[in-house]
1. Rank 13, 49 by accessible area, highest first, at a 1.4 Å probe radius?
2. Computing the accessible area with a 1.4 Å probe over protein heavy atoms, can you report the carbon and sulfur percentage for the chain?
3. Measuring with a 1.4 Å probe in the full set of protein chains, what accessible area per residue, in whole Å², belongs to segment 1-100?
4. Restricted to Cα positions, what overall size does the chain have along the principal axes? Three whole-Å values, descending.
5. Using a Gaussian network model of the chain with C-alpha springs under 10 Å, which one of 64, 32, 16 is most mobile by mean-square fluctuation?
6. Using the Karplus curve 6.51 cos²θ - 1.76 cosθ + 1.60 with θ = phi - 60°, work out ³J(HN,Hα) for each residue of segment 125-142 in order, rounded to whole Hz, and write x for Gly and Pro.
7. Between residue 149 and residues 5 or more places away or on another chain, which pairs have amide H atoms under 5 Å apart, with H built 1.01 Å from N, and which residues are they?
8. Taking the Cα atoms of segment 69-162, report the difference between the largest and smallest coordinate on each principal axis, in whole Å and largest first.
Amino acid sequence: MAIGLTIWGLRSDAIQEANNDTGNIAAVLSEQLARSIQSVDIVLSDVRDQAELQYPSAQVEFDQRIRSKDFYQFLRERLDRLSQADFIAIIDRNGQIAITTQPLPPKMNVADRDYFQHFKHDNDNGIYISNLLTSRTTGERTVFFCKRITGANNEFLGVTLI
């Protein structure tokens, strides 16, 4: 009986210790995730602000200049700050990928994606985190972090995404 009680006590202690360890790991992972999202949010805001600052007027001007080498270099520099990101892209008002840091810009339309529809119909300045989606370029399961790009008079110019 003494052996049984000793084993029961050791088992209870092991369970309590495992619960404490799990809680500590969860807290560390939560903090790490929050910092990653904060980094992505800062870069998205920077890209959006740069796009809105340089191209605050007409859609045509935005469409022409957003595809420039200078803006591409700006996106590459911002991507270098995010080890957890694969690419940065700007989507135009029609859902077409205007520019991306991927080697060859894919000619595809993402107007049907939840993040694009959200910003097209809602003047939201916050970050939008998509559902888990299949990337149309890599085929991998991906989460997209996005922000709306707005021109003069709250005109919808597009979306920036990481």
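1. Most to least solvent-accessible, the answer reads 13, 49.
2. Carbon-and-sulfur percentage of accessible area, whole number: 53.
3. Details: 6510 Å² over 100 residues.
Per residue, segment 1-100 has an accessible area of 65 Å².
4. 84, 31, 29
5. Most flexible of the set in this elastic network: 16.
6. Running phi through 6.51 cos²θ - 1.76 cosθ + 1.60 with θ = phi - 60° gives 8, x, 7, 10, 10, 6, 5, 5, 10, 8, 5, 7, 9, 10, x, 8, 6, 9 Hz.
7. When sequence neighbours closer than 5 places are left aside, the close amide H contacts are 157, 158, 159, 160.
8. 33, 31, 24
The values are calculated or read from the model by the stated rules, or taken from the named source; none is laboratory data. Please read these numbers as outputs of a predicted model, since none were measured by experiment. In this analysis, Cβ positions are derived from the backbone assuming ideal geometry, glycine residues included, and neighbour counts consider all displayed protein chains. What goes into the accessible areas is simple: the full protein's heavy atoms, side chains included, and nothing from ligands, DNA or RNA. Shrake-Rupley method; radii C 1.70, N 1.55, O 1.52, S 1.80 Å.
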